[in-house]
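Structure first, then comments.
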Amino acid sequence: MDKKQLGYYLLLLFLLISCKGANSNYWLMSLPKPWTLNSNQVTEILSEFQNKFPEFNERLKAINIWRIGTPYGLYVLGEEVEPDTDPLLRIDSSDCTVHVLTSLAFSSSSSWGEARKNMVKLHYKPDNDSSINPTYQSRWHFTSDRILNNPYTTDITRSVAQQSQLKSIKIILNKQHNGKEFLNINWTSDQLIYFIPTKNIDLSILSNLPSVCGVAFVRSSYFAKGIVIAHEGVLIDNKELIHASSNDKKTVSVEFSEYIINSDGSPKFDGVIFYSFNEVN
């Protein structure tokens, strides 16, 4: 076993220990890889997740750990009709946002069918009559918009950092500097978004985070496109980031404090937004 493999297994062991219950941890380690399963097999396992991890946050942790290794694919969810015929729900491939939303949908469900319904609630905005119909137009296309306005995510950035540690950006989402829409969806939104510059992230901030939360990475060069967020993932126990990595071509777990800094010591991103998860019902 080489150093990289040993490091992976030690990290997996740490993550498993962070989930309560030794028997449940052994069970989690014994599960087949999620990307090899069909929908009926996923249903059987989701029901077991509910039994072995009855507390929502512990279940969300466990499902995130289970999904480490999932092959990477960009923009792999759709509405199953034109203009995006990709499936509403899948477990065989993931990008960063798909990982977050799918893990939340699975953690809130005891079957594939229920997870599919919950994914619609997570991934799409309600109509004027409060009904939710999965269309390309109604999708939560912008992560910062979803964090601020989706009922199943709550922005906690300002509650975990002091005012002096924050920055903000007033932006019209989806409006580029040339006045054109970035995505042709006939939608823009004026928003004031707070974030923590990478250089300000310290132990005092991390210690204020819940045991599992979302983290979205801000890139200021995207502002001219009407976009704030470049990447996102799930942070476990204030230290381990689970995310779908385009570089590694799979979902991985890495040390958060190492991930946010480049090898030359410069920040990888301009800042972060932290958000908590709410169980879908």
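Taking the numbered list (1) touching a residue at least 24 places away in the same chain (Cβ under 8 Å); (2) of a type outside the set (D, E, K, R); (3) over 18 Å from LEU101 (Cα atoms) in turn, LEU235 passes all entries but (3).
Kindly indicate whether any position in region 109-128 is in a helix (DSSP H, G or I) and exposed (fewer than 14 other Cβ atoms within 10 Å of the Cβ). Yes, that holds for at least one residue. SER103 - would you say it is out of contact with any Pro (no Cβ under 6 Å at 6 or more places or on another chain), small (Gly, Ala, Ser) and in contact (Cβ under 8 Å) with a residue 40 or more places away in the chain? So SER103 fits the description; yes. The residue of region 205-224 that is surrounded by the most Cβ atoms within 10 Å (Cβ to Cβ), among those that are within 30 Å of LYS180 (Cα to Cα) and more than 17 Å from the chain's Cα centre (by Cα), is PHE223.
Could you please let me know if LEU60 is touching a helix residue (DSSP H, G or I) at 6+ places or on another chain (Cβ under 7 Å) and in a loop (DSSP other than H, G, I, E, B)? No: the conditions fail for LEU60.
Six or more apart or on different chains, Cβ atoms under 9 Å: show the pairs whose first residue is in region 32-43 and aliphatic (A, V, I, L, M) and whose second is part of a loop (DSSP other than H, G, I, E, B). Listed by first residue and then by second, the contacts come to LEU37/ILE91; LEU37/ASP92; VAL42/ILE91; VAL42/SER111. All of (1) farther than 24 Å from ASP237 by Cβ; (2) without any contact (Cβ under 8 Å) to a residue 24 or more places away in the chain; (3) out of contact with any Lys or Arg (no Cβ under 8 Å at 6 or more places or on another chain) hold for PRO54 with one exception: (1).
In this entry, PHE269 passes the filter for residues that are in contact (Cβ under 8 Å) with a residue 60 or more places away in the chain and over 14 Å from the mean Cα position of the chain (by Cα).
On inspection, TYR136 passes the criterion of being in a loop (DSSP other than H, G, I, E, B), farther than 26 Å from PHE274 by Cβ, of a type in the set (Phe, Trp, Tyr) and touching a strand residue (DSSP E or B) at 6+ places or on another chain (Cβ under 9 Å). Among residues of region 243-259 that are closer than 21 Å to ILE201 by Cβ and touching a residue at least 60 places away in the same chain (Cβ under 8 Å), those with a Cβ under 7 angstrom from a residue that is charged (D, E, K, R) and surrounded by 13 or more Cβ atoms within 10 Å (Cβ to Cβ), sequence gap 6+ or separate chain, pair up as SER253/GLU240. Applying the set (1) at pLDDT 95 or above; (2) buried (at least 18 other Cβ atoms within 10 Å of the Cβ); (3) of a type outside the set (Val, Ile, Thr) to GLN50 leaves exactly one unmet item: (2). Of the candidates ILE91, ILE65, the single residue that is in contact (Cβ under 8 Å) with a residue 24 or more places away in the chain, in contact with a strand residue (DSSP E or B) (Cβ under 8 Å, 6 or more places away or on another chain) and farther than 20 Å from ASN278 by Cβ is ILE65.
The values are calculated or read from the model by the stated rules, or taken from the named source; none is laboratory data. Model, not experiment: these values are computed from the prediction. Reconstructed Cβ throughout: ideal geometry from the backbone, glycine too, with neighbour counts over all protein chains shown.
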